[in-house]
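Heads up: the structure comes next, in structure tokens.
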Amino acid sequence: MKKLLVILTTVALACGLALSLTACNTYDADHTITVGASQTPHAEILKEIKGDLKAAGYRLVIKTFDDYITPNTSLEEGSIDANYFQHTPYLNEFNAKHNTHLAAVGKIHYEPFGVYGNNVSQTEFDTVKTGRSILVPNDGSNLTRALFVLQDEGYITLAADAKPTDTLTVQDIADSKGNTVNPVQAETVAQLLRESPKGTIAVINGNYALQAQLDSDDALAFENAQGDAAQLYANVVAVKEGNEGSEKTKALLAALKTKKVYDYITKTYDGAVLPVFTL
């Protein structure tokens with residue numbers, strides 16, 4: 001009997017110790033930062049700062065999303081504290097369309113759009129610029145962006161008054177040059193390209209190209225990263241209006257805008273993702 005009591009006492013003490021340790025490592029709501037992000041590269045970048053936020057007294061929880069809508073509706077509803085997946089033109093368009101109240105608080109990186117082909121060589125891409133089926137993302141700001149990439153590559157001509165800050169549609173193509181531009185959901189472009197006939201090309205968002213494991217060396221063209229696009233389409237951290245100056249927001253941005261993150265982006269993505277913040 002004494003032996004049983006000793007065993008039970010030991011177990012109770014061990015359990016108490018475990019509970020005590022768990023309690024010491026718990027974080028209340030004020031010290032937990034939940035961020036919605038695309039899997040690649042956003043969630044990968046966020047994982048790099050978990051330790052830094054822990055040192056600052058915060059637990060970072062990363063929720064990954066496969067689309068461009070749910071991260072914003074989740075932020076508006078308050079189930080996450082911030083998101084990191086979009087650029088400001090898309091955010092502004094989303095706010096206007098869905099009556100949400102989200103604000104960009106910091107530019108982190110830029111993903112140049114890439115043009116990829118299904119069995120299209122570089123020579124064919126450069127010389128045969130008519131008669132192609134072309135897949136592009138269908139959401140307003142990214143469709144606009146894709147159309148300007150196609151114009152830069154000589155595949156279409158846009159209306160003379162079209163601007164990168166406009167929200168364009170295929171109706172703004174003044175001359176398709178015999179090509180057919182097909183807008184589809186951004187997250188489906190890479191897969192649809194694989195399933196398309198030989199000769200099809202596609203303009204693909206950088207994160208979805210990475211997620212589809214497309215090699216940047218196989219891209220037939222890239223958006224001009226030296227122009228205004230890098231700042232206009234920089235991916236941002238967004239929060240609900242009113243939280244721009246919160247302690248969580250300041251901690252998250254401070255952890256992201258570091259040399260550690262700058263170097264991680266530069267070394268990991270081989271030009272497919274570029275840091276845009278200054279050190």
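The values are calculated or read from the model by the stated rules, or taken from the named source; none is laboratory data. As the structure is a prediction and not an experimental result, all values here were calculated from the model. Backbone-built Cβ (ideal geometry, glycine too); neighbour counts: all protein chains shown.
See the values below:
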{"quantity": "Residue among 94, 65, 85 that alone is closer than 10 Å to residue 37 by Cα and free of Cβ contacts under 8 Å to residues at least 40 places away in the same chain", "calculated": "65"}
{"quantity": "Given (1) more than 30 Å from residue 78 (Cβ to Cβ); (2) out of contact with any strand residue (DSSP E or B) (no Cβ under 8 Å at 6 or more places or on another chain); (3) outside any helix (DSSP H, G or I); (4) not hydroxyl-bearing (Ser, Thr, Tyr), index of the condition residue 183 fails", "calculated": "(2)"}
{"quantity": "Counted residues, the range 196-210 - those being out of contact with any His (no Cβ under 8 Å at 6 or more places or on another chain) and either of a type in the set (Gly, Ala, Ser) or outside any loop (DSSP other than H, G, I, E, B) (or both)", "calculated": "10"}
{"quantity": "Condition check for residue 218: closer than 25 Å to residue 43 by Cα, loosely packed, with under 14 Cβ neighbours inside 10 Å, in contact (Cβ under 8 Å) with a residue 60 or more places away in the chain and not assigned by TED's automatic domain parsing to the domain that holds residue 43", "calculated": "yes"}
{"quantity": "Residues (buried (at least 20 other Cβ atoms within 10 Å of the Cβ) and not in a loop (DSSP other than H, G, I, E, B)) located in the range 260-279", "calculated": "261, 265, 275"}
{"quantity": "Residue satisfying all of: in the range 221-245; surrounded by 21 or more Cβ atoms within 10 Å (Cβ to Cβ) and out of contact with any Lys or Arg (no Cβ under 9 Å at 6 or more places or on another chain); nearest to residue 34 (Cα to Cα) among these", "calculated": "238"}
{"quantity": "Count - residues of the range 99-149 that are over 27 Å from residue 275 (Cα atoms) and either touching a His at 6+ places or on another chain (Cβ under 7 Å) or among the hydroxyl-bearing types (Ser, Thr, Tyr) (or both)", "calculated": "6"}
{"quantity": "Residue satisfying condition, being among the charged types (D, E, K, R), at pLDDT 95 or above, more than 17 Å from residue 108 (Cα to Cα) and not assigned by TED's automatic domain parsing to the domain that holds residue 190, within set 63, 3", "calculated": "63"}
{"quantity": "Selection within the range 29-45 - out of contact with any Ser or Thr (no Cβ under 8 Å at 6 or more places or on another chain), among the aliphatic types (A, V, I, L, M) and assigned to a strand (DSSP E or B)", "calculated": "33, 35"}
{"quantity": "Selected residue (criterion: modelled with the highest pLDDT) from residues of the range 224-252 that are among the aliphatic types (A, V, I, L, M) and in a loop (DSSP other than H, G, I, E, B)", "calculated": "234"}
{"quantity": "Residues that are small (Gly, Ala, Ser), touching a residue at least 40 places away in the same chain (Cβ under 8 Å) and either in contact with a Pro (Cβ under 6 Å, 6 or more places away or on another chain) or surrounded by fewer than 18 Cβ atoms within 10 Å (Cβ to Cβ) (or both), drawn from the range 105-133", "calculated": "131, 133"}
{"quantity": "Count of the range 146-165 residues which are closer than 13 Å to residue 176 by Cβ and not polar (S, T, N, Q)", "calculated": "7"}
